[in-house]
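Q: First, the structure itself, so that you have it in front of you.
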Amino acid sequence: SRHNPIIVCLQETNFPSNHVGKLRQYIAYNKNRTTAVHASGGVATYIKENIPQMEITLNTPLEATAVSVLLSVKLCICNIYLPNKNELDLTTHQELIQQLPHPFIIMGDFNSHNTIWGCKDTNTRGKTIEKFLLNNDLIILNTHSPTHYNIATGTFSSIDLHLSTPEIAHMFNWSAYSTLQGSDHLPIIISIDKAISNYYTIPKWKFKKADWLLYR
């Protein structure tokens with residue numbers, strides 16, 4: 001209620017396989033984990049009802065959703081959760097990204113450490129994601145601020161990534177909450193720079209004033 005977001009992306013929703021959590025005034029798009037013994041994993045994307053939107057059907061084993069929305073510019077929002085126990089496969093991720101219409105943003109819990117996006121160390125998963133970013137010319141919106149608190153070790157890391165295609169990356173402002181709000185992940189706020197987004201308004205044509213003779 002404080003931020004009244006247009007779009008909400010959640011990871012590790014822990015919904016049962018046939019459940020969709022509802023949020024008033026939002027349309028929900030979700031992918032639940034169906035192979036677990038108990039409810040775990042999963043993602044859910046919520047978009048305001050008054051926003052033009054269309055779900056992108058993904059053919060992927062990954063826990064991911066994609067929705068095309070019309071804001072100040074038309075873009076695709078991809079929400080993804082990559083469990084720490086699952087091995088990262090570049091081929092699977094490449095197949096996913098090829099299904100996303102440009103421009104797009106990918107946001108989610110990658111469970112990958114790399115000093116490039118603010119972690120204190122780089123692990124094998126982080127190197128794989130780094131290669132994925134380079135192969136697809138993706139821009140990291142993160143500002144190196146921590147996004148996750150490890151309760152066991154009492155340390156912070158940056159494992160929640162927000163990636164964008166180059167043509168729209170400059171439009172966004174990224175910030176992390178300073179408090180956990182009851183989770184072990186810090187909420188992330190991404191806003192569109194209004195001054196920049198004005199350049200991306202949809203043109204409206206005044207056909208009645210057209211000089212059709214001159215046009216011909």
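The values are calculated or read from the model by the stated rules, or taken from the named source; none is laboratory data. All figures in this text were calculated on a predicted structure; none of them were measured in a lab. Positions of Cβ are generated from backbone atoms using ideal geometry, with glycine treated the same way; all protein chains shown enter the neighbour counts. Quick note on the areas: whole protein, heavy atoms, side chains included, nothing else; ligands and nucleic acids left out. Shrake-Rupley method; radii C 1.70, N 1.55, O 1.52, S 1.80 Å.
Q: Can you send over the carbon and sulfur percentage of the accessible area for the stretch 20-146, probe radius 1.4 Å, protein chains only? Before the final figure, lay out the partial values.
A: Details: 3260 of 6430 Å².
Ligands and nucleic acids excluded, carbon and sulfur reach 51 percent.
Q: Past 25 Å, Cα to Cα: identify those pairs from LYS74/LYS127; LYS74/LYS131; LYS48/LYS127; LYS31/LYS74; LYS85/LYS127, in the order given.
A: Table pairs above 25 Å Cα-Cα are LYS74/LYS127; LYS74/LYS131; LYS48/LYS127.
Q: For the stretch 59-71, what does the Karplus curve 6.51 cos²θ - 1.76 cosθ + 1.60, with θ = phi - 60°, yield as ³J(HN,Hα) per residue in whole Hz, taken in order and with x for Gly and Pro?
A: 9, 7, x, 6, 7, 8, 10, 9, 9, 8, 10, 10, 10
Q: Once fully extended, how much extra length lies between ASN4 and LYS204, figured as 0.36 nm per residue of separation less the alpha-carbon to alpha-carbon distance?
A: That pair, ASN4 and LYS204, stretches by 69.2 nm at full extension.
Q: Comparing TRP117, TRP205, TRP174, which has the greatest mean-square fluctuation in the GNM of the chain with Cα pairs linked when under 10 Å apart?
A: Maximum among the listed residues: TRP205.
Q: Expressed as a fraction of 2.2 N^0.38 Å, the rule-of-thumb size for a compact globular protein of N residues, what is the C-alpha radius of gyration of the chain? Walk me through the numbers before you get to the answer.
A: Numbers: Rg = 19.0 Å, N = 216, 2.2 N^0.38 = 17.0 Å.
For the chain, the normalised Cα radius of gyration comes out at 1.12.
Q: In addition: Taking the Cα centre of the chain as origin and charging only Cβ (+1 Lys, Arg; -1 Asp, Glu), how large is the dipole, in debye to the nearest 20?
A: That gives the chain a dipole magnitude of about 900 debye.
Q: If you don't mind, there's one more thing I want to ask. Among TYR149, TYR29, TYR81, whose mean-square fluctuation peaks in a Gaussian network model of the chain (Cα, cutoff 10 Å)?
A: With Cα springs under 10 Å in the chain, the top fluctuation among TYR149, TYR29, TYR81 is at TYR149.
Q: Another one. Using amide H atoms built 1.01 Å from N in the peptide plane, name the residues 5+ places from LEU62, or on other chains, whose amide H lies under 5 Å from its own.
A: Here nothing satisfies the definition.
Q: Next up: From the phi of every residue in the stretch 42-55, what ³J(HN,Hα) in whole Hz does the Karplus formula 6.51 cos²θ - 1.76 cosθ + 1.60 yield, where θ is phi - 60° and glycine or proline is x?
A: Running phi through 6.51 cos²θ - 1.76 cosθ + 1.60 with θ = phi - 60° gives x, 10, 8, 10, 10, 10, 3, 4, 7, 8, x, 8, 8, 6 Hz.
Q: Additional query: Quick one: helix 124-136 against the long Cα principal axis of the chain, what's the angle to the nearest 10°, folded into 0 to 90?
A: 10
Q: Calculate one ³J(HN,Hα) per residue across the stretch 173-184 by plugging θ = phi - 60° into the Karplus curve 6.51 cos²θ - 1.76 cosθ + 1.60, and present them in order as whole Hz with x for glycine and proline.
A: Taking θ as phi minus 60°, the curve returns 10, 10, 8, 10, 4, 8, 10, 6, 6, x, 10, 9 Hz for the stretch 173-184.
Q: Another one. How large is the helix-only mean residue ellipticity at 222 nm for the chain, computed as the sum of -39500 (n - 2.57) over DSSP H runs with n ≥ 4, divided by its residue count, in deg cm²/dmol to the nearest 500?
A: It lands at -3500 deg cm²/dmol.
Q: Before I look further, what does the chain give for accessible area per residue, probe 1.4 Å, in whole square angstrom?
A: Counting only protein heavy atoms, the per-residue value for the chain is 60 Å².
Q: Right, here's the next one. Using a Gaussian network for the chain with springs between C-alpha atoms less than 10 Å apart, which of these wobbles most: ASN32, ASN114, ASN59?
A: Highest fluctuation among the options: ASN59.
Q: Another question, if that's okay. Once amide H atoms are built 1.01 Å from N in the peptide plane, which residues 5 or more positions from GLU12, or in another chain, come under 5 Å H to H?
A: Placed amide hydrogens put GLY42 under 5 Å from GLU12.
Q: On to the next question. For MET171, MET107, write out the residues from largest to smallest accessible area, computed with a 1.4 angstrom probe and no ligands counted. Each step should come with its number before you reach the end.
A: Values: MET171 0, MET107 25 Å².
Ranked from most to least accessible, the order is MET107, MET171.
Q: A further question follows. Lys/Arg Cβ at +1, Asp/Glu Cβ at -1, dipole of the stretch 31-129 taken about the Cα centre: which of SER68, THR92, GLY118 is farthest positive-ward?
A: Positive-end residue among those listed: GLY118.
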